[in-house]
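One structure is given here, and the rest of the page talks about it.
The values are calculated or read from the model by the stated rules, or taken from the named source; none is laboratory data. Source: prediction; values computed, not measured. When we count neighbours, we look across all protein chains shown, and the Cβ atoms used for this are built from the backbone with ideal geometry, even at glycine.
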C-alpha cells in the first residue's frame, strides 16, 4: 500500500504552461505555477565626510571580504527602505538615501542590484550580525584587493564618475565580462 502523504505535492512538475514560453514548476493537481524570478539586491555607497562605509562579511559567500552594505529586498518595502535597512542590519548605520547610482543586471546569478548614494547621519557604526567588522575608509584606504563582489567596484567607479554632479543618470548597462 502506498502512503499518499509521502508523495510530492505542489508545484513539482516541470512543463511549459499554456500561453507561456518557458518551462516552469507546476502543480498538476491545482494548476499553480511557481514563477521563479530574479532577486533584487539593494544597497548604498554611504559616506561620512570623505570616507566610505564598508562591511567585512561574516557570512558566505565571500566570507572575510569587504562589501557595501547591501542585501536582498524584503516583501513590502521600497528599494530605498531596503537599502537603509541593510545599512542598519550590517553596520548599525543610519543613512539618508540619495539618488540611485546604478542598476546592475547580473543574469548568471538571477539578480538585479540597485545601489544608491547615501549619507551617513552619524559616524557611529558597529558590526551587525552579518558583518565581522565595519569601517570608514578614505578612497586611498579602501582595501581594493579584498573587495567581495564586482558590483562594489562598479558602484565605486560610478560614484567617482558622478562626484560633484548635482544630477546624473544612474548607470544601467551591464559591465563587460559578466
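Quick rundown of the values:
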{"item": "Tabulated pairs, segment 128-149, first outside any strand (DSSP E or B), second exposed (fewer than 13 other Cβ atoms within 10 Å of the Cβ) and modelled with pLDDT of 95 or more, C-beta under 6 angstrom, 6+ apart or interchain", "result": "130/59; 138/50"}
{"item": "Matching residues, segment 72-99, being within 26 Å of residue 133 (Cα to Cα) and part of a strand (DSSP E or B)", "result": "72, 95, 96, 97, 98"}
{"item": "Residue list for segment 36-71, filter: closer than 18 Å to residue 120 by Cα and part of a loop (DSSP other than H, G, I, E, B)", "result": "49, 50, 68, 69"}
{"item": "Condition check for residue 57: crowded, with 19+ Cβ neighbours inside 10 Å, in contact with a strand residue (DSSP E or B) (Cβ under 8 Å, 6 or more places away or on another chain), under 20 Å from residue 156 (Cα atoms) and in contact (Cβ under 8 Å) with a residue 12 or more places away in the chain", "result": "yes"}
{"item": "Exclusive hit being under 13 Å from the mean Cα position of the chain (by Cα) and in contact (Cβ under 8 Å) with a residue 12 or more places away in the chain, set 91, 70", "result": "70"}
{"item": "Residues of segment 94-104 satisfying the condition of being over 16 Å from residue 169 (Cα atoms) and either surrounded by fewer than 18 Cβ atoms within 10 Å (Cβ to Cβ) or outside the structural domain of residue 70 (by TED's automatic domain parsing) (or both)", "result": "94, 96"}
